[in-house]
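Derivation of every value follows stated rules applied to the coordinates shown; laboratory data play no part. Here the structure is a predicted model, which means the values were calculated and not measured. Quick reminder, even Gly has a Cβ in these numbers, built from the backbone with ideal geometry, and neighbours come from all protein chains shown.
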Amino acid sequence: MEYTDRILEYFKEITGIPRESGNEERMREYLIRFAHTRGLECRTDSVGNVCIVKEAAPGKENVSTLVLQGHQDMVCEKTAGSTHNFLTDPIDYVIEDGWMIARETTLGADDGIGVAAMLMILGSELPTGKIECVFTTSEETGMDGAFGMQKGFFTGKTLINLDSEDEGQLFIGCAGGVDTTATFAFNNEALNDDFKVLKVSITNGLGGHSGDEINKGRMNAVKALSTFLASEDGHGLQLVSIDGGNKPNAIPRECSAVIAVPDADATSSRFAEFSKALANEYADTDPDVEFGILPAYSESPAVCAQVTSAFLKAMAACPHGVIAMSRDIEGLVETSTNLASVKMAGDGKIVVVTSQRSSVTTSREEIAKAVADCFRTGGAVVEHHSEYPGWKPNPDSPILRACVSSYRKLFGREPQVKAIHAGLECGLFEEKFGGLDMISFGPTLRGVHAPGERLDLASLERFTAHLIDVITNCNQTV
C-alpha cells in the first residue's frame with residue numbers, strides 16, 4: 001500500500017502539469033528537476049525524450065539493465081461547454097467508489113499513471129538492478145518521441161511498457177496504424193434569401209479510444225450527422241459550416257453543423273425521426289446522447305453546392321468501425337478505421353481526419369487505400385501520415401515468462417496474455433533498434449480518450465505489487 005500511495009501522489013502532481021501532445025515542456029522540466037533533485041543521471045534528446053537512470057542496488061550490479069517506458073503526453077478532451085484550458089489548468093478530478101475520475105475532461109492516466117509508477121521506482125530504495133526509465137513525447141499524436149529517438153538513448157535489452165489499461169492482462173503485441181487526411185477545397189456561394197438557417201447537432205456521445213473501444217459499437221457523432229446531412233442534400237440543403245471530433249485516436253462524441261434549408265419544419269421533422277431511430281440503436285452504448293436542431297443566424301456564405309454534395313456523399317460512404325477480427329487470437333480486432341474529425345480550415349477548405357489500424361500490414365494498407373479512394377472520388381486531396389508499425393507477439397519471451405510467474409505467485413491465478421488493437425511504441429522500438437524483449441501492462445483504466453476517464457484504484461494496488469515483484473526479482477545477468 002505504501003508504494004501504491006506514492007504512485008498516486010506522483011500522479012496527482014502530474015495532473016497539475018499541462019501536457020497535451022506537443023505541449024510537454026513543463027512535464028519535461030518536471031522530470032529533469034525530479035532527477036537532479038535526487039542526484040540521478042538524466043539525459044534528454046532533440047525531440048524532448050527523457051531518460052532517468054537508477055543505478056543497481058548493492059549486490060545487483062550483474063543483473064542486466066531493465067528499461068521501463070511510458071509517454072509524457074495525454075489526450076486532451078473535454079465536455080461541451082467546459083471552460084477547462086488544457087494549456088494552463090490542472091485536471092479536476094474526484095475520488096469515489098474506488099475510482100479516480102476526471103470531472104469534465106480526460107484524466108491523463110493514459111499514460112500519467114505509468115509515468116508516476118516510474119517516478120516511484122526511481123525515488124525508492126527498492127533492491128533492483130540498473131533501471132532506465134524512458135519518457136517519450138507526443139505518443140498520442142504520432143509517436144514523435146519514439147520516431148525521433150536515436151539508438152543508444154537507452155541501453156537495456158529488456159523493456160516493460162507501462163501504457164496498458166487492463167490489470168491482469170499482459171500484452172505482447174499490438175496493431176500498427178496510419179492516419180489518412182482528406183482536404184476538400186471549395187468556393188463560396190451566397191445563402192438563398194428564402195432559406196432558413198439552422199444549427200443541427202449530435203452531442204454527449206460516449207466516445208472513447210479508437211483502438212481499445214472501436215469494437216464496442218459506440219456512436220460516431222461525425223459519421224451520424226454526416227449521414228443525416230447527406231440525406232438532406234437532395235432537399236436543397238446549403239452547408240455553411242461543420243465541426244466534429246478532435247483527435248485521430250478518439251471516437252468522436254460530438255458534431256454540429258450550420259445549414260440553410262428551404263423548409264425548416266420539414267428538415268426538423270426528418271431530423272426528429274432520424275434522432276429517434278439513432279437513439280434506439282445506441283440506447284445501450286450511448287444512453288446520454290443528445291440531438292439538437294435550432295434556428296440560427298449566419299453572416300457567412302455557404303460552401304458551393306458541388307463540393308457540398310461531393311463532400312457529404314464521401315462522408316456518408318466512408319467506413320467506420322471494425323473491418324475484420326483476428327483469426328488467430330479470439331476476440332482481437334484485426335483491422336479497423338475511425339472517422340475521427342471534420343473541421344473548416346478557414347481558408348476555403350474542409351479537412352477530414354481518419355485513422356486506420358491493423359495487426360496485418362497489408363490489411364492496414366488496404367483499408368487506408370479504401371478510405372482514401374472514398375474521398376478522392378469526391379474530389380478531395382488525400383494524404384497518409386503518422387504511420388507506425390505493429391508489434392509481433394513473441395510467446396517465448398523471457399520477460400513474459402517472468403511476468404506470468406510473478407502474477408501467478410502473487411495472486412494465485414493466471415494472467416491473460418494478449419495482443420492489443422491499440423498502438424504501442426514497442427513496435428517502433430523493435431523496428432528501429434531490434435533485439436528487444438518487451439511486454440506491456442498497467443492498471444485498469446476506463447473511458448480513455450474521453451471526458452470522465454477513470455482509474456481503478458484497487459487495480460493500481462495489484463499493478464504496483466506485480467511491477468515491484470518483477471523488477472526486484474529480475475535476475476538475468478549481464
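Excluding S406 itself, calculate the net charge of residues whose Cβ lies under 14 Å from the Cβ of S406, where each Lys or Arg counts +1 and each Asp or Glu counts -1.
+2
Arrange the following residues from fewest to most other Cβ atoms within 10 Å of their Cβ: H385, H71.
Lowest to highest Cβ neighbour count: H385, H71.
Can you list residues from other chains, or at least 5 along the same chain, whose modelled amide H is less than 5 Å from the amide H of I323?
Distant-sequence amide H within range of I323: T335, S336, T337.
What is the distance in Å between the Cα centres of segment 1-66 and segment 268-297?
The two parts, judged by their Cα centres, are 46 Å apart.
Which ³J(HN,Hα) values, rounded to whole Hz and listed in residue order, are derived for segment 177-189 from phi using the Karplus coefficients 6.51, -1.76 and 1.60 in 6.51 cos²θ - 1.76 cosθ + 1.60 with θ = phi - 60°, glycine and proline given as x?
My calculation for segment 177-189 gives x, 7, 9, 10, 10, 10, 10, 9, 9, 9, 9, 8, 9 Hz in order.
Just to check I understand the Karplus step: with θ = phi - 60° and J = 6.51 cos²θ - 1.76 cosθ + 1.60, what whole-Hz values come out for segment 252-260, glycine and proline as x?
x, 8, 9, 7, 9, 8, 9, 9, 10
Can you compute 3J(HN,Hα) from phi for each residue in segment 206-218, using the Karplus curve 6.51 cos²θ - 1.76 cosθ + 1.60 with θ = phi - 60°, rounded to whole Hz and x for Gly and Pro?
6, x, x, 6, 6, x, 5, 10, 5, 8, 9, x, 6
Could you please tell me the mean projected area of the C-alpha convex hull for the chain, averaged over all directions and given in square nanometres to one decimal?
22.7
Give the separation of the Cα centroids, segment 298-352 to segment 201-232, in Å.
After rounding, the separation between the Cα centres reads 10 Å.
Given a cut-off of under 8 Å on Cα pairs at least six residues apart, what relative contact order in percent is computed for the chain?
Reported relative contact order: 24 percent.
With 10 angstrom as the radius, rank D243, D110 by how many other C-beta atoms surround their C-beta, starting from the fewest.
Ordered from fewest to most neighbouring Cβ atoms within 10 Å, D243, D110 come out as D243, D110.
Could you calculate the FRET efficiency of N473 with Q150 from 1/(1 + (r/R0)^6), where r is the beta carbon distance between them and R0 is 25 Å, rounded to 0.05?
0.20
Considering the alpha-carbon set of segment 1-60 alone, what are its Rg and its Dmax in angstrom?
13.6, 41
Counting Lys and Arg as +1 and Asp and Glu as -1, each charge on the Cβ, what is the dipole of the chain about the Cα centre in debye, to the nearest 20?
880
Quick query: amide H of G208 versus all other amide H atoms, modeled in the peptide plane; which residues come in under 5 Å with a sequence gap of 5 or more or a different chain?
HN-HN under 5 Å from G208: I251.
Do any trypsin sites (Lys or Arg not before Pro) in segment 38-95 lie in a loop, going by DSSP, with at most 13 other beta-carbon atoms within 10 Å of their beta carbon, and if so which?
Of the trypsin sites (Lys or Arg not before Pro), the ones in loops of segment 38-95 whose Cβ has at most 13 other Cβ atoms within 10 Å are R38.
Can you list residues whose amide H is under 5 Å from G173's amide H, if they're 5+ apart or on another chain and H is modeled 1.01 Å from N?
Under 5 Å from the amide H of G173: I420.
Which loop-located trypsin sites (Lys or Arg not before Pro) does segment 140-245 contain, where loop means any DSSP state but H, G, I, E or B and the Cβ has at most 14 other Cβ atoms within 10 Å?
K151
So what are the three principal axis dimensions of segment 55-135 from its Cα atoms, in whole Å, longest to shortest?
56, 27, 16
Hey, got a sec? Which chymotrypsin sites (Phe, Trp or Tyr not before Pro) in segment 270-363 land in a DSSP loop and have at most 13 other Cβ atoms within 10 Å?
Here the sparse-neighbourhood loop sites are Y297.
Could you list the residues of segment 220-246 with an amide nitrogen less than 18 Å from a label point located 7 Å from the Cα of N192 in the Cα-to-C-beta direction?
Correct set: 229-241.
Taking the square root of 5 times each eigenvalue of the Cα gyration tensor, what semi-axes in Å does the equivalent ellipsoid of segment 178-388 have, largest first?
Here the semi-axes work out to 30, 20, 12 Å.
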